[in-house]
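Written below as structure tokens is the structure these notes are about.
Read the figures in this text as sums done on the coordinates, not as results from a lab. Note that this is a predicted model, so its numbers are computed, not measured.
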């Protein structure tokens, strides 16, 4: 994979097994919007525009150094998803179909606090509304970056009270956001430790936070800490397991369960007729 600088940013090729829409707009991150034939977003304090033509990825407003230190990992480009798909496709015929339906999905390596916070917001919510709440959170409490705002730190939010979050229109989630911020900023919950703890212990670490149950903990571990053995089960996934994978449980999907989950989630959400 070669990264070459040009006047607007960098071009990287060859980039395989990546579809930006499937990856950035499939419900694992809520800070990307379609823009000028690609996607514009802010992550790790940088605002960029990503475009993909064939196997050439263009990242505007980036440098080769930022690609190597941020975006290569963010898009998980070091992992061979083609090989993983071939392996997990053997587990079940429907999973093989799901892998073929959206082969360009990758699991983003997001900033852990952002992932935790956004999935707290995701509870009993839809993607459009989650994006709105997250956008208002950044506008009100994040630092100005380019044309937008960075994600507010746990330390910044820990100084607030739930009522201070009223402009978000997030309802009952306000108190959970503040509890999470205080516990992360104060060290009661150690996100970095969750990268290496045994899985059940990492889940319990996150569940010290009010309002964080198994599903939110699993999402934070998968999308923020790259624990790809995680298999979050929401309403869509529960229906998928019951109807498309009868007799199978999350543990049956192996070491790459989280990647399998994302293929299944997207396939199920885009094909509701499967459940009629």
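Multiply the residue gap between residue 164 and residue 127 by 0.36 nm, knock off their C-alpha separation, and tell me the result in nm, one decimal place. List each step's numbers first, then the result.
Working: separation 37, 0.36 × 37 = 13.32 nm, distance 2.33 nm.
Gain on stretching residue 164 to residue 127: 11.0 nm.
Classify the stretch 112-225 as rounded, prolate or oblate, taking a ≥ b ≥ c as the square roots of the eigenvalues of its Cα gyration tensor: rounded when a/c is under 1.5, otherwise prolate if a/b is larger than b/c and oblate if not.
Verdict is prolate for the stretch 112-225.
Over the stretch 2-78, calculate the relative contact order: mean separation of alpha carbon pairs under 8 Å at least 6 apart, over the residue count, as a percent. Could the numbers behind the result be given before it?
Working: 109 pairs, mean separation 25.3, N = 77.
Worked out over the stretch 2-78, it gives 33 percent.
Taking the inverse of the average 1/r across all pairs of different Cα atoms in the chain, what Kirkwood radius in Å do you get?
Answer for the chain: a Kirkwood hydrodynamic radius of 19.3 Å.
Could you tell me the relative contact order of the chain? Use alpha-carbon pairs under 8 Å, at least six residues apart, and round to a whole percent. Display every interim value, and only then the final one.
Details: 436 pairs, mean separation 48.7, N = 276.
So the answer I get is 18 percent.
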